[in-house]
Amino acid sequence: MEKKEELNLVSGKVGLMRFDAGSSNLDIPAQVQVISTSEKNRYVDGERTETVEKIALSVLDTKVVAVAERVGVSLSDMPAIFAEIQDPEMVKKLTGQSDKLVGKILSTANASLALRWVAFGRSGGWNGLKLVLDPIQAFSRKESK
């Protein structure tokens with residue numbers, strides 16, 4: 001895992017801030033199931049490049065998935081947790097085939113929390129948190145129980 005840049009309170013680089021998910025006071029599920037994926041390209045000077053920078057995930061707590069499936073609720077109707085894979089090697093490996101993660105169960109044991117940027121038309125802002133799942137650890141359904 002790469003060394004994270006040290007930030008101070010006047011840094012201005014709030015998008016780089018990371019917090020250990022295990023030491024937060026948030027209720028974070030131990031395992032999540034991937035519902036959807038989206039490859040996000042790098043932008044340089046406002047221009048989109050062909051390089052995939054990260055993989056965005058919509059995930060649900062595996063316990064919520066089990067209950068929803070038991071009562072027949074569509075997973076797409078459930079409020080998702082936002083997560084990302086940012087590790088450059090893993091992103092490169094998954095580029096063009098990130099949809100293979102849909103349905104997989106991932107551990108949040110080594111996850112960190114980061115601020116989530118939400119676009120609002122031509123502008124945007126920091127609005128909520130996301131899980132950064134680097135490195136990722138996938139399980140089959142049998143292993144996850």
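The values are calculated or read from the model by the stated rules, or taken from the named source; none is laboratory data. Given the structure is predicted, the values throughout are model-derived calculations rather than measurements. All Cβ positions, even for glycine, are placed from backbone atoms using ideal geometry, and neighbour counts span all protein chains on display.
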Answer residue from the stretch 1-39, given it is surrounded by 15 or more Cβ atoms within 10 Å (Cβ to Cβ) and of a type in the set (D, E, K, R) and is modelled with the highest pLDDT among those: GLU39
From the residues in the stretch 116-134 that are over 14 Å from the mean Cα position of the chain (by Cα) and aromatic (Phe, Trp, Tyr), which one is nearest to PRO29 (Cα to Cα)? TRP126
Inside the stretch 80-95, can you point out the residues that are among the hydroxyl-bearing types (Ser, Thr, Tyr) and under 14 Å from PRO135 (Cβ atoms)? none
For VAL65, the lone unmet condition from (1) within 21 Å of GLN137 (Cβ to Cβ); (2) within 16 Å of the chain's Cα centre (by Cα) is (2)
Could you tell me how many of the residues in the stretch 97-138 are free of Cβ contacts under 8 Å to residues at least 60 places away in the same chain and in contact with a strand residue (DSSP E or B) (Cβ under 8 Å, 6 or more places away or on another chain)? 10
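For residues in the stretch 68-115 being of a type in the set (Ser, Thr, Tyr) and over 12 Å from the mean Cα position of the chain (by Cα), which is surrounded by the most Cβ atoms within 10 Å (Cβ to Cβ)? Write out each step before concluding.
From the stretch 68-115, those of a type in the set (Ser, Thr, Tyr) are 74, 76, 95, 98, 107-108, 112; that's our starting set.
Now narrow it down to the ones that are over 12 Å from the mean Cα position of the chain (by Cα): 74, 76, 95, 98.
Values: SER74: 8, SER76: 9, THR95: 14, SER98: 20.
Out of the qualifying residues, it is SER98.
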